[in-house]
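The block underneath contains the structure these notes are about, expressed in structure tokens.
The values are calculated or read from the model by the stated rules, or taken from the named source; none is laboratory data. Every value quoted in this text rests on a predicted model; they were computed, and no experiment measured them. Ideal geometry is used to build each Cβ from the backbone, glycine not excepted, and the neighbour counts take in all protein chains shown.
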Amino acid sequence: MSQLDTTLRQLRLSGLLQSLGVRLQEAAAARLGHGEFLELILQDELNVRHQRMLARRTKAAGFRALKSLEDFDWQFNPSINRKQVFELATGTYSAKAKIFCCSALRASAKRIWPKPCATRRSSKARKSFTAPSSIWCATS
């Protein structure tokens, strides 16, 4: 195994190196195919990298103390909507939100002619966007 360990270290796959022994035993016991085994060990590597990324970002943020929503004292302020707080914590609102921007290219005393300029997923809109005199953005 020393050659394999060296190779995994050279490839910087330390997460895979940590779980390889367990996964080899699991693959032998469950008679996993090559594809399934490869998927498991690569998922282990991704999980380790994700955990390290979170740890780096948490350290860089310089939080005084780490607290989770499970530790929050909900009795302190009962008017807080617990369901809404947990929903916001998941971040699903950002996937559902549609962003619409329009710019006033021509303005007169009576009317402003808005032109749609961007949506969140539109790449053409970024190319055709010019610096207008004013911009309105709203989410729906």
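The residues of the range 1-17 that are under 29 Å from the mean Cα position of the chain (by Cα) and loosely packed, with under 11 Cβ neighbours inside 10 Å amount to a single one, GLN10. The single condition among (1) modelled with pLDDT of 90 or more; (2) exposed (fewer than 11 other Cβ atoms within 10 Å of the Cβ) that LYS83 does not satisfy is (1).
Which residue is farthest from LEU4 (Cα to Cα), if the candidates are limited to the range 18-77 and must be aromatic (Phe, Trp, Tyr) and surrounded by 11 or more Cβ atoms within 10 Å (Cβ to Cβ)? Spell out the reasoning first.
Here is the first cut: in the range 18-77, the residues aromatic (Phe, Trp, Tyr) are 37, 63, 72, 74, 76.
Pick out the ones that are also surrounded by 11 or more Cβ atoms within 10 Å (Cβ to Cβ) and you get 37, 72.
On the way: PHE37: 16, PHE72: 46 Å.
Going through the qualifying residues, I end up with PHE72.
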